[in-house]
Amino acid sequence: MQEYLKMEREQAWRIELRNQIKNKERTALPRVKMPEMDPQERICYQDREVNLGLDVENARREASRCMDCVNPTCIEGCPVSINIPKFVKNIERGEFLEAAKTLKETSALPAVCGRVCPQEKQCEASCFYTLKLKKDPVAIGYLERFAADYERESGQISVPEVAPKNGMKVAAIGSGPASLAFAGDMIKLGYEVTVFEALHEIGGVLKYGIPEFRLPNHIVDVELDNLKKMGVRFERNFIVGRTATFEDLKEEGYCAFFVASGAGLPRFMNIPGENYNGILSSNEYLTRVNLMNAANDEFDTPVLKGKNVAVVGGGNTAMDSVRTAKRLGAARAMIIYRRSREEMPARVEEVHHAEEEGIEFINLANPVEYFADEKGRVNRMRIQRMELGEPDASGRRRPVVVEGSETDIDVDVVVVAIGVSPNPLIPSALPELKVSRWGTIEVDPESMQSSIPELFAGGDIVRGGATVILAMGDGRRAAAGMHRYLTESK
C-alpha cells in the first residue's frame, strides 16, 4: 500500500501542484466554512438539507490547503482506506470527476459519507494539520461531498470496473452501509451478489434512521443505482430465516453469506409509566417519518406530534429525533441527557445545528418516572439531577444521582434514544452460531468470519450500534475475508 501511495504521489501532475504554492502559504489559508440553510427556515421542512455544500471556488481553495504529505496519516484514519490526498489534489487541479472516481475505488457511498461520517474523529483527526500544526484540519468530509455531488449533478456518473464473473454466488443480509460496502467490493471481484432486505426500501439505516435534512433519500438512491449498474441484485420484502432459510439459499447456489442485519431492537429504561401512550423508541419515531412519510399529508402513516417533546439520550439518533420533533411543530423540543454537554457522543456539528434550531438541552438529568392523563397519554416526566463521578469503562465520568433533586417537566411526547440491541432473528435461525451475551455475532476482527465458516458478519449486528463508516469498514473487511476463504476452499 505504501509503495502504491508513493508511486501515485510522484506522478507529474501531483509534483507540479505541490510546486505551485509554498507550504507556508498553504498552511496560512483558513479552513472553509460550510454554507447552511437559515435555522428558522429549515425547521419548517423535513426534507430540506441543512448543509448546502461547497461551490467550486471554495472547494478548490480548501483542497489547496492539503500538503500532499509523504506519509498521509489521514488515510490511516479512514475505515474504508480512501486515497484522500489523490482525490483532494484532483479537486485542487479542477479534475472533479477524477476525484469522484478516486473515491469510488474504495467507497461504495461517497455522497453518503461526505454527509454523515464523523470525519472529525477519523480522517480529519489524523490530518497533518491536526496532529502537527494544531490547526483546523483540511475539510476532507466537505470535499468528499463536493466531489460526489459534482459528479451526480454533472450527469457523468462513473461506474467502477468489475472483474469477469467467477461463477460463485454470495448473499448479503440487510441493505445498510455494511452490506452495500461488502456488495460493492464483492461485485468488483467477479462474484454474483444478491442483497436481501426485509423492508420495502433498500438502504437500511440510511433510509429509516437518518432524516432527510441530514441525508436526502434521493442521494442514497443514486449510490444504490450505481451498485445496480455494477451488477448487484436487490431483493426487497425478503426475511432470511423466514421467507427462506439459509439451507434454502444454499440449495439455490449461494456459497457464503454476509450478515449485516443491524441492531433494530430498541432499548428502554424500564422505569414506571414507560408504557403510557406517547412514549416511543427513536427507531419507531424516525422510521415512521423517514421511511414511511408520516410528516407528509399525502401519506396516511400516523405519527405522534406534541407541543412539549422530550428526547432521552445524547447521541446522533437523539439529535435526529429532537430535530425531527421541532420540524413536526413542537413548541418545546428538549434533550434529556444524564451526562454533561462535553460528554455527549453526538457529532459537534449536529449539536450545533440543534442549538441553532432552538433545541433545549437539559444535561445531567435522567428520567425516573412518567405520568399520564385520564386517557393514558403521557403528560409529565420526573427527572432526577445527576453529577459526574469517576470515569467508567468508556472513559467518561460516571453520572451519580443527586439525592432529593427530582423535578417534573410537562411533556406530551417522549422519544427514547438510549441505544439499540441486535435483532435476534438470525442467531435464532442458526443455533450453532456463536453470539455474545448482548446478542451480537462474534467474529474474527480481521476477517469478520463467524463460528460458521461460510458466514461472515459486520455492522451493528457485530458492534451493537456504531457509525455508517465503521459499518462500511466491516463490510470491506468481510469482503476481503470471504474472498480469501472462498479462494482457499476451492
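Things worth noting here:
- Gyration tensor verdict on segment 363-410 (Cα atoms; rounded if a/c is under 1.5, prolate if a/b is larger than b/c, oblate otherwise): prolate
- Cα pair distances of segment 318-358 binned at 10 Å [whole percent]: 29, 59, 12
- FRET efficiency, Lys165 to Leu265 (Cβ-Cβ, R0 30 Å, nearest 0.05): 0.20
- Two-site label geometry, Met1 and Thr245: point separation in nm, points 7 Å out along Cα→Cβ: 4.1 nm
- Per-residue Cβ neighbour rank within 10 angstrom, fewest leading, Trp438, Trp13: Trp438, Trp13
- Mean residue ellipticity at 222 nm, helices only, the chain: -10000 deg cm²/dmol; runs of at least 4 DSSP H residues each add -39,500 (n - 2.57), and the sum is divided by the number of residues.
- In a simple Cβ point-charge model (Lys, Arg +1; Asp, Glu -1; nothing else charged), segment 266-420 has a dipole of about 140 debye relative to its Cα centre.
- Dividing the convex hull volume of the alpha-carbon atoms in segment 2-154 by its residue count gives 118 Å³ per residue.
- Residue pairs exceeding 26 angstrom between C-alpha atoms, taken from Lys121/Lys188; Lys169/Lys434; Lys6/Lys101; Lys207/Lys229: Lys121/Lys188.
- Taking other C-beta atoms within 10 angstrom as a stand-in for reagent exposure, Asp460, Asp47, Asp55, Asp68 fall in the order Asp55, Asp47, Asp68, Asp460, fewest first.
- Coil-residue trypsin sites (Lys or Arg not before Pro) of segment 30-77, DSSP, other Cβ within 10 Å capped at 13: Lys33
- Placing pseudo-labels 7 Å out from each Cα toward the beta carbon at Val368 and Lys24 gives an inter-label distance of 6.3 nm.
- With the gyration tensor restricted to C-alpha atoms of segment 215-327, the semi-axes of the equivalent ellipsoid amount to 34, 20, 14 Å, longest first.
- Taking every alpha-carbon pair within segment 82-195, the share separated by more than 20 Å comes to 49 percent.
- Whole-Å semi-axes of segment 266-420's equivalent ellipsoid (Cα gyration tensor): 25, 19, 13
- Rh (Kirkwood; distinct C-alpha pairs) - segment 394-490, Å: 16.4 Å
- Added length on full extension, which subtracts the Cα-Cα distance from 0.36 nm per residue, Cys69 to Glu105: 10.9 nm
- Segment 143-215 versus segment 1-68: alpha-carbon centroid distance in Å: 25 Å
- Segment 116-134-segment 445-483 distance, computed between alpha-carbon centres (Å): 25 Å
- Rg/Rh ratio calculated on Cα atoms of the chain (Kirkwood radius): 0.98
- Selection of trypsin sites (Lys or Arg not before Pro), segment 205-313, meeting DSSP coil and at most 13 other Cβ within 10 Å: Arg236, Arg242, Lys307
- Anisotropy class of segment 179-221 from Cα gyration tensor, a/c 1.5 cut: prolate
- Relative contact order (percent, whole number), the chain, Cα cutoff 8 Å, 6+ residue spacing: 14 percent
- Applying the criteria of a DSSP loop state and at most 11 other Cβ atoms within 10 Å to the GluC sites (Glu not before Pro) of segment 403-436 yields Glu403, Glu432.
- The H on the amide N of Ala172, modeled in the peptide plane, is under 5 Å from the matching H of Thr194, Val195, Phe196, Phe258, each at least 5 residues off or on a different chain.
- The slack between Phe238 and Val348, meaning 0.36 nm per residue of separation minus the straight C-alpha distance, is 35.9 nm.
None of the figures in this text is laboratory data; all of them are computed from the coordinates on show. All values derive from a computational prediction rather than experimental measurement. When we count neighbours, we look across all protein chains shown, and the Cβ atoms used for this are built from the backbone with ideal geometry, even at glycine.
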